[in-house]
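Asks: A single structure is presented below for examination.
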Amino acid sequence: MSWFKKIADAIRGSEDFSDIKSSTVRDILNGNILTNRFLQKQYLLLIMTAILAFFYVDNRYYCETQLAKEIEMKKKIQDVKYESLTISAELMQISRQSNVLNLIKSRGVNLEQTSCSPIVIQAPEETK
């Protein structure tokens, strides 16, 4: 902590703060405080501080918009997942054998269900 005290004492010793101490709220609002010698010496520091504050606000706004987009995308993904699940369930319902037979009968197509099971044809094994 002693190095910080040395720096603060060096600044206090090299600068005259009497102009700033005697300033009133009226001087701040009028802009007369900017004519003080101390502030005229530190104008680059004040400009840099203003620029950093601007970038800080801009960065925060950008992060908030990105977060809002992320939340919106998550909702869209969830909606698409639910829609996909619904379509898959409907497809399973429609493609059941009993539903297919009912659909064939209701449309009047002359198809009949076979009474024997299907025959599996196997390809001959290749010899080496």
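Each reported figure results from applying straightforward, stated rules to the coordinates on display, with no laboratory input. This structure is a prediction, so every number in the text was calculated from the model and none was measured. Neighbour counts are summed over all protein chains in view; Cβ atoms, including those assigned to glycine, are modelled from backbone coordinates with ideal geometry.
Asks: So what J values fall out for the range 90-102 if you push phi through Karplus, 6.51 cos²θ - 1.76 cosθ + 1.60 with θ = phi - 60°, rounded to Hz, Gly and Pro as x?
Replies: 5, 5, 4, 5, 5, 8, 5, 4, 5, 5, 5, 4, 5
Asks: Still on this structure, I have one more. If you wrap a convex hull around the C-alpha atoms of the chain and split its volume per residue, what is the figure in Å³?
Replies: Hull volume normalised by residue count: 441 Å³.
Asks: Assuming R0 = 25 Å, what is the FRET efficiency of Met48 and Ala10, from their Cβ-Cβ distance, to the nearest 0.05? Numbers along the way, then the final one.
Replies: Values: r = 21 Å, r/R0 = 0.84.
So the FRET efficiency works out to roughly 0.75.
Asks: Along the Cα→Cβ direction, 7 angstrom out, place labels at Ser106 and Gln93. What is the inter-label distance in nm?
Replies: Placing both labels 7 Å along Cα→Cβ, they lie 1.2 nm apart.
Asks: Can I ask one more? Label points 7 Å out from Cα along the Cβ direction at Leu85 and Gln66: separation in nm?
Replies: Each label point lies 7 Å from its Cα, and together they span 3.1 nm.
Asks: Right, next: If I model a spin label at Trp3 and Ser115 as a point 7 Å from the Cα along the Cα→Cβ vector, what separation in nanometres do I get?
Replies: 10.0 nm
Asks: Here's something else I'd like to know. Whole-Hz Karplus ³J(HN,Hα) for the range 4-9, in order, using 6.51 cos²θ - 1.76 cosθ + 1.60 and θ = phi - 60°, x for Gly and Pro?
Replies: 5, 5, 5, 5, 5, 5
Asks: Right, next: Mind checking the full-extension length gain between Asn59 and Arg26? Use 0.36 nm per residue of separation minus the Cα-Cα distance, one decimal, nm. Present the calculation step by step, with values, prior to reporting the outcome.
Replies: Working: separation 33, 0.36 × 33 = 11.88 nm, distance 3.36 nm.
Gain on extension, Asn59 to Arg26, equals 8.5 nm.
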